[in-house]
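This is the structure I want to talk about, given as structure tokens.
The values are calculated or read from the model by the stated rules, or taken from the named source; none is laboratory data. Computed from a predicted model, the values in this text were never measured in an experiment. In this analysis, Cβ positions are derived from the backbone assuming ideal geometry, glycine residues included, and neighbour counts consider all displayed protein chains.
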């Protein structure tokens, strides 16, 4: 026969022990450094990272490799980081060391970019390696198409937001991976759409300036600015797409249309150019939506030569 008094005391002691440990860890929820949308500054954010192994900084978006290199288009060597974690008062897990915190923040930014692109109709690509501190790699998280991998480096110096934690900058690189099949035949159009998708993901046409060491004092990195004559094709396209997205108030809808248009262009190696891409975007719209897009595109290109905009 069970001793009910002993059982009650055991349950009471177990309850006290659990209370002393604080709240239970929340699976997949992590506290990472990231861009706070309200303040525009870095802050600790709580994010859900389903399927991720936080101690090894790996998951559906990719995995970090320490000590690896990229040689002849291949990722060579490397090992996973070993990040010790702690539990926050809310039950989320956070890195004990600042370096691991930065790695988790970069992974979270890539995971968020992946989710945004999928919501815009992109395919769910397999995870890719993130080669940490590769020799000669630029600051931030950068896509290397030859190796189908990313490099991950701190900085740049003087930037308000490290490039690897900038949602727009990371989304641009993830978009470059999505569009790698189009780059060979239509490099300017693919780059222009990737540049725009970064702005749509960040809801900020000046997202690149936040991670520029000089701070972009003259607004040269702002997609909303008027462009000088002879501006590069990617900048013209990204600016036109942002102007339309801003006017329509539907960033995700504009992202879907732009991504579908550049993919359609990739199936037409004999066609190309600013007007052709924007015509493919406008051709997906009807009625007042098309009229609005056409008006914006004509104004930004100072041209009427857009086939879907008679």
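Which residue is modelled with the lowest pLDDT, if the candidates are limited to the range 211-222 and must be under 17 Å from residue 165 (Cα atoms) and in contact with a helix residue (DSSP H, G or I) (Cβ under 8 Å, 6 or more places away or on another chain)?
215
Please find, within the range 192-213, the residue that is surrounded by the fewest Cβ atoms within 10 Å (Cβ to Cβ) out of those that are closer than 30 Å to residue 270 by Cα and within 15 Å of the chain's Cα centre (by Cα).
195
Is one or more of the residues making up the range 92-108 surrounded by 23 or more Cβ atoms within 10 Å (Cβ to Cβ), touching a helix residue (DSSP H, G or I) at 6+ places or on another chain (Cβ under 8 Å) and closer than 21 Å to residue 262 by Cβ?
Looking through the range 92-108, none of the residues is surrounded by 23 or more Cβ atoms within 10 Å (Cβ to Cβ), touching a helix residue (DSSP H, G or I) at 6+ places or on another chain (Cβ under 8 Å) and closer than 21 Å to residue 262 by Cβ.
Do the conditions hold for residue 73, that is, is it more than 30 Å from residue 262 (Cβ to Cβ), in the same structural domain as residue 42 (by TED's automatic domain parsing) and either out of contact with any helix residue (DSSP H, G or I) (no Cβ under 7 Å at 6 or more places or on another chain) or modelled with pLDDT under 95 (or both)?
It is false that residue 73 is more than 30 Å from residue 262 (Cβ to Cβ), in the same structural domain as residue 42 (by TED's automatic domain parsing) and either out of contact with any helix residue (DSSP H, G or I) (no Cβ under 7 Å at 6 or more places or on another chain) or modelled with pLDDT under 95 (or both).
Of all residues in the range 12-49, how many are at pLDDT 95 or above and part of a loop (DSSP other than H, G, I, E, B)?
1
Still on this structure: Would you confirm whether any residue within the range 237-259 is buried (at least 18 other Cβ atoms within 10 Å of the Cβ) and at pLDDT below 95?
Within the range 237-259, not a single residue is buried (at least 18 other Cβ atoms within 10 Å of the Cβ) and at pLDDT below 95.
Consider residue 158 carefully, then state whether it is out of contact with any strand residue (DSSP E or B) (no Cβ under 7 Å at 6 or more places or on another chain) and surrounded by fewer than 24 Cβ atoms within 10 Å (Cβ to Cβ).
When the stated conditions are applied, residue 158 passes them.
Show me the helices (runs of 4 or more DSSP H) entirely contained within the range 222-307 in which 2 or more residues are farther than 23 Å from residue 180 by Cα and in contact (Cβ under 8 Å) with a residue 12 or more places away in the chain.
233-248, 287-301
Related question: In the range 76-91, which residue that is in contact with a helix residue (DSSP H, G or I) (Cβ under 9 Å, 6 or more places away or on another chain) and assigned to a strand (DSSP E or B) is nearest to residue 132 (Cα to Cα)?
85
Tell me whether the range 195-207 contains one or more residues that are touching a residue at least 60 places away in the same chain (Cβ under 8 Å), more than 21 Å from residue 34 (Cβ to Cβ), in contact with a helix residue (DSSP H, G or I) (Cβ under 9 Å, 6 or more places away or on another chain) and in the same structural domain as residue 271 (by TED's automatic domain parsing).
yes
Name the residue, out of 142, 177, that is within 12 Å of the chain's Cα centre (by Cα) and closer than 20 Å to residue 264 by Cα.
177
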